[in-house]
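Q: Below are the structure tokens for one structure; questions will follow.
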Amino acid sequence: MYKEFKTLNLPQIDQEILAFWDAQKIFDRSVEERPVENSYVFYEGPPSANGMPGIHHVMARTIKDIFCRYHTMAGQRVERKGGWDTHGLPIELSVEKELGITRDDIGKTISVAEYNRLCRETVMRYKDLWDDITRKMGYWVDLENPYITYTNDYIETCWWLLKRLFDKGLLYKGYTIQPFSPAAGTGLSSHELNQPGAYRDITDTSAVAQFRIKGAENEYFLAWTTTPWTLPSNTALAVGKHITYVKVRTFNRYTQEPVTVILAKDRMGAYFTEPKPGLKPEEVKAGNKPVPYLEIVEEISGAQLEGMEYEQLMPYVQPDGPAFRVLLGDFVSTEDGTGIVHIAPTFGADDFRVAKQYGIAALLVKDENGHPMPLVDRQGRFVKEVTDFAGRYVKDYGQEEERPVDVDIVIKLKEENKLFLSEKYLHPYPHCWRTEKPVLYYPLDSWFIRASALKERMFELNQTINWKPASTGEGRFGKWLENLQDWNLSRSRFWGTPLPIWRTKDGRQDKCIGSVAMLKEEIEKANAALGLAQVVPQDLHRPFIDEVVLVSDAGEPMHREPDLIDVWFDSGAMPYAQWHYPFENQDKFRQNYPADFIAKKGWTKPGAGSIPSMLSL
Amino acid sequence: MDQTRGWFYTLHAIAVMAFDSISFKNVVSNGLVLDKNGVKMSKRLGNAADPFETIAKYGADATRWYMISNAQPWDNLKFDVAGIEEVSRRFFGTLFNTYSFFTLYANIDGFRYAEADIPVEKRPEIDRWVLSALNSLSEACERSYADYEPTEAARKMMYFVDEQLSNWYVRLSRRRFWRGEYNEDKISAYQTLYECLVTLAKLMAPVSPFFADWLYRNLNEVTGKELHPSVHLALMPAPDASHADPGLEQRMDYAQRIASLVLSLRKASKIRVRQPLQKLLLPVLDSQFIGQVDEVKDLILAEVNVKEIEYVTDTSGLLHKRVKPNFKTLGKRLGKHMKAVSDLLAAWTQADIQQLERSGQYVFELGSESFPATLEDFEILTEDIPGWQVASDNGLTVALDVTLTPELEAEGMARELVNRIQNIRKTRNFNVTDQIAVTLENHPEVASAVESFGGYIRQETLSATLSLADNVTEGEVLELPNEVQLRIRVELV
């Protein structure tokens, strides 16, 4: 007799079938009964068990499950090794929050060893819930032998991959301006800034500042910025070679002083209405609207302005070299602002580049260890040398204050007859994807992967990949590869895969460690040369790995570069690291590479276009 | 943690830089799951759906099926539990009812699939049709799965289960299961329905692994036809060319679509199905059309309760059509040319429109560019003619004569009476062979029905006598169309 039922009870069917699958080991059989030679390779992009499973995970896993089940029923062997993503900022931030500490406390009120122990414990907190939802939704994945990114084996494969890149000359250390999250205390990579929702509309105070030309009475360059907090760091102004500029006689709307200002002819309309001979100072007292002017005195090309000097706008710190000059920049446009761009070499990528090219100094102070640093510290606060604003946060990091420091800077400029105009300005601004706090462009000494060197090849190989939908692969991903920047690998954090590079104090020699065996060998060399008794740490994480001293070929001690690597490197390394390749499972790896199929939450509309530099802001 | 595009990039970058290789061949990018109003789910807003609760309440399969059938994986999903309920009822519920229908009669008849397969060519047309449709479904689903298009596969299965299997095959074959002896026709019906169910179990297994295994196991437990204890160890059904009959599928598709157009016209004109109508007109689509429709003519006429079909090759005098661009599909592609296209179409003659309907395609030549377009890029509107109702579906047009003659009205009333009398027989638990005597309260509309169709009514209801009386005091009160209300007395004789 066929079983008959009064009503359909789907949850009841779930229970019966789950019990049947368990009892008869149907999942195992569905894999094992298919021949190895006819494999369909699936890579599991692992979740972090640090967060609770949500309904979107059910969606993502349904998609993965469908194709794995279909290919099983098409006769293929579909092994599904599960995995856990265990490193990175989200875990660190949740531990910080629970302990009620900030990044600065780590290593002070709590040891790095203890902190990392808590991270390791926390990261699997919701594993049981994850296992439960996995089972209940019918997602078939091997949870018995998952890969876990914090294990020494996983880290060793990451090291091996990094060594391979190092040997190909694809790793380098550079001092550059990078997106930096003061709230997280670490630099971010450009793909992190491309996270959906990273760009958010915020209202800033914009300023058109008057930079007084040297050797002239009341003549000023006008430059526009949406980040007045970078003005104390100004050391140059950039103009366009082929842009036409005008000298305009008028009055300052705040002080009613007579002034002659220089700006791009094409930008006149944004600030001025019409010439008015006999104009009275009080006629330009109006709020933010364009005002009449007396006359245009002269037209000048950008090329003629090059090399002119001006007086420092906010003289808190003196430069150690030439500064306060007009440069030519190919990035200057007349789309907005005044056609003259304020350059703060410490806070913008283009600024940094053009200043270096002209030999213009940056404004730096010395930190407590005597190392040079910019006028804003790594927490996002002005240094003490910027006396009027010392200790003030330059962006909104949740501090309590009467008004943002940008506003106080603008008020000060106004009082000193250095402000031509100030307005509120609504624009998309990048935020840290984890702390949700504003990002700064900040000078950092970081390790990079020279990804840009291979962008053509990445683009080319991407075209052999079948993307669903095709537009994502050809469009967004392809376009992104075309404009690929180098991959900022450094993270100034604690819980993650340590960067396996040791360096001499003078920075002249580097050694990249590609395996535990190599580490052992190098430790032994160092022990012999330096009279030490070190052993390979049981745990390859910080702080233990930090204590290992190696020796250069010239006999100098070498210390590990203190950075961790971007956690995204961990996930990108999973095809190799899940098998501890090449140290184990070489056949297994070869049978399972490349994947036939992967799926992940994808590419939704970004909040804004490319990453703005200080110049375009 | 939300690993978004980062993973696609780092997998690719490391593979290219370290191995000059790709690391994945196919990738499916997933969309977001939003709440039903399209707002991002968040703890703060309290609009996040709890996956544990959802699965506990609706089951994993309904949740999975809803997510996959509702939106393509890469599009954002507006998550609404009403959609899960709908899938649960309309898809799983319908399939469950079909399974229940099968088991009810198969258990009565002891069908265990012990007999040899009846060769397909020996099965009745309706069986051959559903097997051909099933075969097409298998091919389409496998193609969709292989192309990473699960939404397509799910929607095709939904169409098959609802429109083809339940609402057409089972409905039209019902009597074969419940009547008569256990003969070849009945065995053919059982074998055919069984095959539909077990094949569906396999096709749906990737999306709804629980229900699929339940269905497969329940069927196989009795027949032992399958080699595997679980559907997930089985192979996808191999397409069987001997089952494919595209001509049959086409004419049944005509039958279904014509019937559905006529029923929609009846609904729009508020003419109940029991009311016979005289005629429907079918504009001829191609040279095979008349032959194809003629083969399913009886089926169509019985389904829609119309007396005759007339084919028309020249519809110009009968149907006046207008054509407009479909802004939804053409707007994006043609952009600035839309105005020119509107003007062009406004000038089209009836012959131009007919040509478009026949070929199903058209190429716009605009400036130096060509834009190929298909039927869905056009909106074809038909203007009504008095006494007729017209409807179209994807090139197929039906004109229904809605004129009610006294003769047709009387017949309609006769059918209503048959229906009511049969209901009375049922509620009173009369034996199917019991003869009855029927007395109806006099009423002009009922009188003409009894006068013209008395024989038909008596025959259908096994009534020895059928009489009219001015004053019926006992018996039931009948509610008939046109607000006719009267008493009826039914007695055993």
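Q: Taking the stated definitions as given, is residue A:480 in contact (Cβ under 8 Å) with a residue 60 or more places away in the chain, within 14 Å of residue B:13 (Cβ to Cβ), within 13 Å of chain B (Cβ to nearest Cβ) and among the aromatic types (Phe, Trp, Tyr)?
A: Spelling it out, residue A:480 is indeed in contact (Cβ under 8 Å) with a residue 60 or more places away in the chain, within 14 Å of residue B:13 (Cβ to Cβ), within 13 Å of chain B (Cβ to nearest Cβ) and among the aromatic types (Phe, Trp, Tyr).
Q: Take residue A:515 and tell me if it is open to solvent by 10 Å² or more (accessible area, probe 1.4 Å) and within 15 Å of residue A:158 (Cβ to Cβ).
A: yes
Q: Pull up region B:84-133, narrow it to residues that are acidic (Asp, Glu) and closer than 26 Å to residue A:10 by Cα, then point me to the one that is farthest from the chain's Cα centre (by Cα).
A: Checked region B:84-133; the qualifying residue farthest from the chain's Cα centre (by Cα) is B:85.
Q: Still on this model: Going by what's in this entry, would residue B:303 be described as modelled with pLDDT of 85 or more, surrounded by 13 or more Cβ atoms within 10 Å (Cβ to Cβ) and either not in a loop (DSSP other than H, G, I, E, B) or not assigned by TED's automatic domain parsing to the domain that holds residue B:270 (or both)?
A: Taking the combined requirement at face value, the residue satisfies it.
Q: Which numbered condition trips up residue A:61, out of (1) in contact with a Phe, Trp or Tyr (Cβ under 6 Å, 6 or more places away or on another chain); (2) buried (at least 22 other Cβ atoms within 10 Å of the Cβ); (3) farther than 21 Å from residue A:596 by Cβ?
A: Answer for residue A:61: the failing condition is (3).
Conditions (1) in contact (Cβ under 8 Å) with a residue 12 or more places away in the chain; (2) of a type outside the set (Gly, Ala, Ser); (3) open to solvent by less than 40 Å² (accessible area, probe 1.4 Å), marked per residue:
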residue	(1), (2), (3)
A:166	yes, yes, no
A:179	yes, yes, yes
A:182	yes, yes, yes
A:198	yes, no, yes
A:209	yes, no, yes
A:213	yes, yes, yes
A:222	yes, yes, yes
A:225	yes, yes, yes
A:228	yes, yes, yes
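Q: So which helices (runs of 4 or more DSSP H) are wholly in region B:69-157 and hold at least 2 residues that are among the hydrophobic types (A, V, I, L, M, F, W, C) and in contact (Cβ under 8 Å) with a residue 60 or more places away in the chain?
A: Per the criteria, B:94-109, B:125-146.
Q: Restricted to region A:29-54, and to residues that are facing another protein chain (nearest Cβ under 7 Å) and modelled with pLDDT of 95 or more, which residue is nearest to the chain's Cα centre (by Cα)?
A: Going through the qualifying residues, I end up with A:43.
Q: Now, a different point. Somewhere in region B:2-16, is a residue at the interface with chain A (Cβ under 7 Å from one of its Cβ atoms), among the hydroxyl-bearing types (Ser, Thr, Tyr) and in contact with a strand residue (DSSP E or B) (Cβ under 7 Å, 6 or more places away or on another chain)?
A: The answer is yes; a qualifying residue exists.
Q: Sticking with this one: Can you give me the ranges of the helices (runs of 4 or more DSSP H) entirely in region A:1-101 with at least 3 residues that are in contact (Cβ under 8 Å) with a residue 12 or more places away in the chain and among the aliphatic types (A, V, I, L, M)?
A: Of the helices (runs of 4 or more DSSP H) lying wholly inside region A:1-101, those with at least 3 residues that are in contact (Cβ under 8 Å) with a residue 12 or more places away in the chain and among the aliphatic types (A, V, I, L, M) span A:55-73, A:89-99.
Q: Moving to a separate point now. Buried (at least 22 other Cβ atoms within 10 Å of the Cβ), out of contact with any His (no Cβ under 9 Å at 6 or more places or on another chain), on the phi < 0 side of the Ramachandran plot and of a type in the set (Phe, Trp, Tyr): is that true of residue A:175 in this structure?
A: Taking the combined requirement at face value, the residue does not satisfy it.
Q: Could we say that residue B:212 is in the same structural domain as residue B:304 (by TED's automatic domain parsing), more than 22 Å from residue B:120 (Cβ to Cβ), among the small types (Gly, Ala, Ser) and in contact (Cβ under 8 Å) with a residue 12 or more places away in the chain here?
A: no
Q: Same structure, new question: I'd like the full set of residues that are under 28 Å from the mean Cα position of the chain (by Cα) and in a helix (DSSP H, G or I), limited to region B:354-381.
A: B:354, B:356, B:357, B:358, B:359, B:375, B:376, B:377
Q: Name every residue in region A:102-126 that is part of a helix (DSSP H, G or I) and either of a type in the set (Lys, Arg) or farther than 25 Å from residue A:537 by Cα (or both), in order of residue number.
A: Listed by number, the residues that qualify are A:103, A:104, A:117, A:120.
Q: Okay, next question. Being open to solvent by 30 Å² or more (accessible area, probe 1.4 Å) and part of a helix (DSSP H, G or I) is the filter here, so list the residues in region B:225-249 that pass it.
A: B:241, B:242, B:246, B:249
Q: Taking residue A:188 and the conditions (1) open to solvent by 10 Å² or more (accessible area, probe 1.4 Å); (2) modelled with pLDDT under 95, which numbered condition does it fall short on, given that it satisfies the others?
A: Against the list (1) open to solvent by 10 Å² or more (accessible area, probe 1.4 Å); (2) modelled with pLDDT under 95, residue A:188 comes up short only on (1).
Q: Looking at region A:126-164, which of its residues are more than 13 Å from chain B (Cβ to nearest Cβ) and open to solvent by 60 Å² or more (accessible area, probe 1.4 Å)?
A: A:127, A:144, A:145, A:153
The values are calculated or read from the model by the stated rules, or taken from the named source; none is laboratory data. Keep in mind that this is a model prediction, so the values were computed, not measured. Counting neighbours? That spans all protein chains shown, and the Cβs are built from the backbone with ideal geometry, glycine included. What goes into the accessible areas is simple: the full protein's heavy atoms, side chains included, and nothing from ligands, DNA or RNA. Shrake-Rupley method; radii C 1.70, N 1.55, O 1.52, S 1.80 Å.
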